[in-house]
Every structure is written in C-alpha cells, then in structure tokens.
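What follows is a short report on a single structure.
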Amino acid sequence: MANDLSFFRQLTAALSQEAVVMATGIETTGSVPREVGARLLVNSNGLVWGTIGGGAGEAKVLNEAQAVLATG
C-alpha cells in the first residue's frame with residue numbers, strides 16, 4: 001500500500017507539470033520479475049518512474065509510450 005501511495009503521488013506531481021503515460025501490467029506468462037499490477041510512468045523526455053519488469057517487454061512499452069506522448 002505504501003508503494004502505491006508513493007507511485008500515485010509521483011503521478012500527481014508529474015501530471016501537474018506535463019503529460020505522462022502510465023503503463024500497468026495486466027497479464028504475465030511464465031516466470032517474470034514483476035506481478036500483475038506492476039506500473040511505470042514515462043514522460044516525453046524518457047524519464048521513467050517504476051518498472052513493469054524490465055527487459056524486452058518493458059522496452060516495447062517504453063517505445064509505445066513515447067509514440068503516445070508524441071501523438072497525444
């Protein structure tokens with residue numbers, strides 16, 4: 001619960017300054033480092049808060065987040 005509160009405080013602070021994308025893990029397959037519900041935020045400068053597990057999956061999410069931020 002404390003981590004959730006910290007995450008949402010960071011989201012609130014980030015949104016007061018700029019647009020951000022929030023990604024949430026909704027499904028896992030096999031052995032993964034993070035559970036369903038893991039979240040991350042990314043801004044247009046590529047600054048990231050949190051993680052959904054790293055690796056290729058997270059890299060794909062970060063690329064998509066940048067596309068969303070660029071197109072609105």
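The values are calculated or read from the model by the stated rules, or taken from the named source; none is laboratory data. A quick note: this is a predicted structure, and the numbers were derived from the prediction, not measured. Cβ: placed from backbone, ideal geometry, glycine included. Neighbour counts: every protein chain shown. Just so you know, the surface numbers come from the protein's heavy atoms only, side chains and all, with ligands and any DNA or RNA stripped out. Shrake-Rupley method; radii C 1.70, N 1.55, O 1.52, S 1.80 Å.
Of the residues that sit in the stretch 19-72 and are among the hydroxyl-bearing types (Ser, Thr, Tyr) and without any contact (Cβ under 8 Å) to a residue 12 or more places away in the chain, which one is least open to solvent (accessible area, probe 1.4 Å)? Working first, answer last.
Our first condition is that a residue be among the hydroxyl-bearing types (Ser, Thr, Tyr); within the stretch 19-72, this holds for 24, 28-29, 31, 44, 51, 71.
So of that shortlist, the ones also without any contact (Cβ under 8 Å) to a residue 12 or more places away in the chain come out as 28-29, 31, 71.
Numbers: THR28: 65, THR29: 115, SER31: 124, THR71: 121 Å².
Looking at the filtered set, the residue picked out is THR28.
Yes or no: THR12 open to solvent by 80 Å² or more (accessible area, probe 1.4 Å) and closer than 24 Å to GLY57 by Cα? Can you show your working first?
Numbers: open to solvent by 80 Å² or more (accessible area, probe 1.4 Å): yes; closer than 24 Å to GLY57 by Cα: no.
No, not satisfied.
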